[in-house]
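First comes the structure, then the notes that go with it.
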Amino acid sequence: MTVNDIPLISFFQRILDPLIIMGTLYLCSVLLGEPFTGYALVLMILAFFISSSVYQRVDPYRTWRSGRMLAYARDIFVGWGITAAILCFLGSASGLAYHFDDNVLLAWFIATPFALLFSHTAARRVGASRGKEGEVRSVLIIGANDVSVKFAATIENHPNLFMSVRGFFDDRTEDRRPEGMREPMLGGMADIAAYVREHQIKMIFISQPISAQPRIFKLLDELKDTTASVYFLPDIYVFDLMQARFDNIGGMPVIAICESPFTGFNSMIKRASDIVLATLIQIMLVPVMLIIAIAVKGTSPGPVIFRQRRYGLYGEEIIVYKFRSMTVSEDGAKVVQAKKGDQRVTRVGAFLRRSSLDELPQFINVLQGRMSIVGPRPHAVAHNEQYRKLIKGYMLRHKVKPGITGWAQVNGLRGETETLDKMEARIEYDLEYLRSWSLWLDLWIVLRTVQVVLKRENAH
């Protein structure tokens, strides 16, 4: 089901939001006593198309549908911030900005996200009152299984969908039905069409395996005599999903089961945040890195920078930089992890490892595009080859760039992973990061990393 199945949301997303943005500009001009000129009309048109494109990417209506209003408000402000930044750039580059009063533009930039939130909140209340008055679409679910039961619970938990599940139809016997069914079993497959006609059902969701194709064809043929909208509920949830989504390739619909979270707009946001943070950190820490380089070189023989092959994005080999903290530079078929009290660690190296200062050169890797500030920590190639054979899903962590810090590291899995159980736990955190990535999660991990480093947990 797409956003277009909720007419109120579709109306806002496609038409009313851009009109609110344009109307706010006009209102700001009138209230501040500025004439509404042809230049303002040009700005309106630009704002219309740019905001439509930006909000389609940011998609705040995803959080609207789930009822997460704080996250929804955040997305509104982020989307408008991006729109305003693009308009400022275009206005400055083209000279259009010089035709406007600064106070009008400032008032417009500040007032617009609040106008959007106010209008959406009002519409939500109107929609809720409509639902109470009985304007709720009736739903039947064909097939009683874990997926369909979960779907029914989702509808029940989100009243803003304005849908009501009447019950299930299935030929299964009672002992084969899944647990957790709250709605009644209304009959078998042969009873569906008659029930739909009699009760004027609006929506039908079919949750049947591919092996039931003949029955589905027969059902669809019978439902042609009704006005119900019919949808397939794919059973992809039996898989371990990672960033699952619907897409199309050349007009052919496809379903992503396992995908990187960093595609399209998310990829731009991730890369931009990496460049900004890595640049600022490098500038601030140049004196510290020079002192560390002198200390490493002056206290033990060998290079200042330790280079080691790691697996990067899509499992391709990259070279990762660190300040050398040991008397050896292992990068062969067998690499022994550093242990507590390891005699190979130098005196300066011990301090660098406890404080994580040995990781600072990896910000160069970030600026090169080989790594990210936040992501699964890269392991030595030898360790990758060892654990990919032992841990299911191990290589999925390479669907994103490796990071200087990660979700596993701020959850107590920093440093040595001397047992298979610890490595499995680290990989599970890495995969959870891929499933639930957001820019806010990255920022939270960065803040948590500072706390962990100051406590010097699990570092040796």
At q = 0.12, 0.17, 0.21, 0.24 Å⁻¹, what log₁₀ I(q)/I(0) does a Debye calculation on the Cα points of segment 355-460 give, no solvent, two decimals?
-0.37, -0.79, -1.23, -1.56
Ignoring everything but the protein chains, give the 1.4 Å probe accessible area of residue 424 in square angstrom, nearest 10.
80 Å²
With every protein chain kept in place and a 1.4 Å probe, the residues 299, 346 fall, from largest accessible area down, as 299, 346
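Highest mean first, how do 376-388, 99-111 rank when packing is the count of other Cβ atoms within 10 Å averaged over residues?
Values: 376-388: 19.5, 99-111: 15.6.
Output ranking for 376-388, 99-111: 376-388, 99-111.
Over 31 Å between Cα atoms, which of 322/399; 150/218; 389/455; 270/322; 399/422; 422/455 qualify?
Numbers: 322/399 23 Å; 150/218 26 Å; 389/455 34 Å; 270/322 23 Å; 399/422 21 Å; 422/455 20 Å.
Exceeds cut-off: 389/455.
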Would you grab the residues whose amide H sits under 5 Å from the one on residue 208? Only those 5+ places off in sequence or on another chain, please, with H modelled 1.01 Å from N.
233
Going by amide H atoms built from the backbone, whose H comes under 5 Å of the H on residue 137, apart from near neighbours?
163, 164
How large is ³J(HN,Hα) for each residue in segment 186-191, as worked out from phi by the Karplus curve 6.51 cos²θ - 1.76 cosθ + 1.60 (θ = phi - 60°), to whole Hz, x for Gly and Pro?
8, x, x, 4, 6, 9
Residues whose built amide H sits under 5 Å from the amide H of residue 371, excluding neighbours closer than 5 in sequence, are 366
If DNA, RNA and ligands are ignored and the probe is 1.4 Å, what is the ranking of 420, 434, 357 by accessible area, most exposed first?
420, 357, 434
With θ set to phi - 60° and the Karplus curve 6.51 cos²θ - 1.76 cosθ + 1.60, what are the ³J(HN,Hα) couplings of segment 347-359 in order, to the nearest whole Hz, using x for Gly and Pro?
5, 5, x, 4, 5, 4, 6, 5, 8, 6, 5, 5, 7
Once phi for every residue in segment 102-116 is put through the Karplus expression 6.51 cos²θ - 1.76 cosθ + 1.60 (θ = phi - 60°), the whole-Hz ³J(HN,Hα) values, with Gly and Pro written as x, are 4, 5, 5, 5, 4, 4, 5, 4, 7, 6, 4, x, 5, 5, 5
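The values are calculated or read from the model by the stated rules, or taken from the named source; none is laboratory data. Because the structure is predicted, anything quoted here is derived from the model rather than measured. Quick reminder, even Gly has a Cβ in these numbers, built from the backbone with ideal geometry, and neighbours come from all protein chains shown. To get the accessible areas, we keep the full protein, side chains included, count just its heavy atoms, and leave off ligands, DNA and RNA. Shrake-Rupley method; radii C 1.70, N 1.55, O 1.52, S 1.80 Å.
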